[in-house]
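This report concerns only the one structure given below.
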Amino acid sequence: MKKCPYCGYSNDNEAAVCRKCEGAFYATAGTVYRGRSYWLGPHRARAIRHYALILIVVGLIVKIYWGGYLNWPIIDSPILAALRKYLEPLLLYCGGVLYIFGWIAAFV
């Protein structure tokens with residue numbers, strides 16, 4: 001299996017062009033073909049989706065732990081309660097938007 005130098009996708013040994021990003025494995029007739037250019041690339045888009053999932057999980061932990069949904073002691077400090085009011089939707093919604101952005105950026 002040949003690994004693409006541009007996107008890291010595994011291709012057949014006989015392949016001259018990557019099936020995923022259409023990048024050439026070798027130059028033909030003196031021309032250099034770099035393949036498809038991405039805005040961010042598949043690796044950075046995957047990293048963005050990874051960080052977005054971390055934001056969503058932390059937002060859910062804030063919602064469950066500080067929200068008093070389980071038998072844990074509720075943190076009732078006025079400063080932390082005001083912080084939770086803005087932190088919970090920020091983490092959840094920004095994480096969701098970043099995750100969708102990561103999927104779109106992988107193909108653009």
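A few remarks follow.
- Evaluation of Arg49 against (1) of a type in the set (D, E, K, R); (2) closer than 30 Å to Cys7 by Cβ; (3) surrounded by fewer than 12 Cβ atoms within 10 Å (Cβ to Cβ) (one fails), failing number: (3)
- Scan of the range 1-56 for residues that are of a type in the set (S, T, N, Q) and modelled with pLDDT under 85, ordered by number: Asn13, Thr28, Thr31, Ser37
The values are calculated or read from the model by the stated rules, or taken from the named source; none is laboratory data. Please read all numbers here as calculations on a predicted model, not as lab measurements. Positions of Cβ are generated from backbone atoms using ideal geometry, with glycine treated the same way; all protein chains shown enter the neighbour counts.
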